[in-house]
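The structure appears below as structure tokens.
The values are calculated or read from the model by the stated rules, or taken from the named source; none is laboratory data. Bear in mind that the values here come from a model prediction, so they are computed numbers and not experimental data. Note: ideal-geometry Cβ built from the backbone for every residue, glycine included; neighbour counts use all protein chains shown. When the accessible area is computed, the model is the full protein with side chains, heavy atoms only, and any ligands, DNA or RNA have been set aside. Shrake-Rupley method; radii C 1.70, N 1.55, O 1.52, S 1.80 Å.
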Amino acid sequence: MRAKPDACPEAQALRSLAQLRALKHQGDLPADERIVSGIYLSVDPDSDTSAQVSSVPGQLMDLRFRTGRAGRWLSLNIELGDYDLSGRAVCGLMCRTRAPETLTLRPCLRSGIKGGFHDEFFAKRVISYREESTHADLMLLDAHPEVARTAPWRELILFLPPDIAQMSIMDLAVFGA
């Protein structure tokens with residue numbers, strides 16, 4: 001039995017991902033514009049990268065990029081609200097992806113702090129291949145004391161290669177235990 005989305009610290013991400021799983025959409029995805037509440041693409045303003053997204057019910061999204069001048073970063077951001085890690089031993093990530101050419105993504109937990117933010121990267125990189133692949137990773141919180149257990153806001157960020165052409169994200173989850 002699944003927990004009700006509003007009954008757990010991951011509620012905001014669960015709602016956003018559920019909305020995206022139910023969405024039928026195709027079109028441009030401008031930088032910092034939400035495809036659904038809480039999910040957006042962040043593009044280095046020095047880049048000329050543009051993106052198109054398509055989504056069909058049951059899967060998250062297919063992304064296609066056009067880049068003439070790659071930037072310093074390109075990322076898919078999932079807002080987690082004030083995701084509380086108190087009493088948790090781990091923060092976990094699971095995703096299923098596919099890409100026509102092998103590529104790697106760097107998953108990161110970004111936490112709001114006074115005057116800015118703190119990024120903590122997961123130990124493993126997500127590797128996408130021509131065939132669908134599943135990635136799972138756990139961040140042991142005791143091994144990362146710099147990750148505040150409470151924060152005013154958090155995001156799960158997938159840092160994409162700045163010169164990426166295409167990839168599909170079939171599923172994604174963030175969880176704590």
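Counting Lys and Arg as +1 and Asp and Glu as -1, what is the net charge of the other residues whose Cβ lies under 14 Å from the Cβ of ASP163? Net local charge, ASP163 excluded: 0. Taking the average, over residues, of other Cβ atoms within 10 Å as the packing measure, peptides 13-21, 95-103 rank 13-21, 95-103 from highest down. Springs between alpha-carbon pairs under 10 angstrom, Gaussian network model over the chain: which of ASP119, ASP46, ASP84 fluctuates most? Residue with maximal mean-square fluctuation among ASP119, ASP46, ASP84: ASP46. Given R0 = 35 Å, the distance between the Cβ atoms of GLU120 and ASP171 translates into a calculated FRET efficiency of 0.95. Take VAL56, project a point 7 Å from its Cα along the Cβ direction, then tell me which residues of the range 62-103 have their backbone nitrogen under 12 Å from it. Hits in the range 62-103 for VAL56 at 12 Å: 62. Comparing PRO145, PRO162, PRO30 in a Gaussian network model of the chain (Cα springs below 10 Å), the most mobile by mean-square fluctuation is PRO145. On a per residue basis, the range 11-133 carries 51 Å² of accessible surface, using protein heavy atoms and a 1.4 Å probe. Helix 11-22 and the long axis of the chain differ in direction by around 30°, with both axes built from C-alpha atoms. To put it simply, the accessible area of the range 1-158 at a 1.4 Å probe is 50 percent carbon and sulfur. The distance between label points at ASP44 and GLU146 comes to 2.1 nm (points 7 Å beyond Cα on the Cα→Cβ vector).
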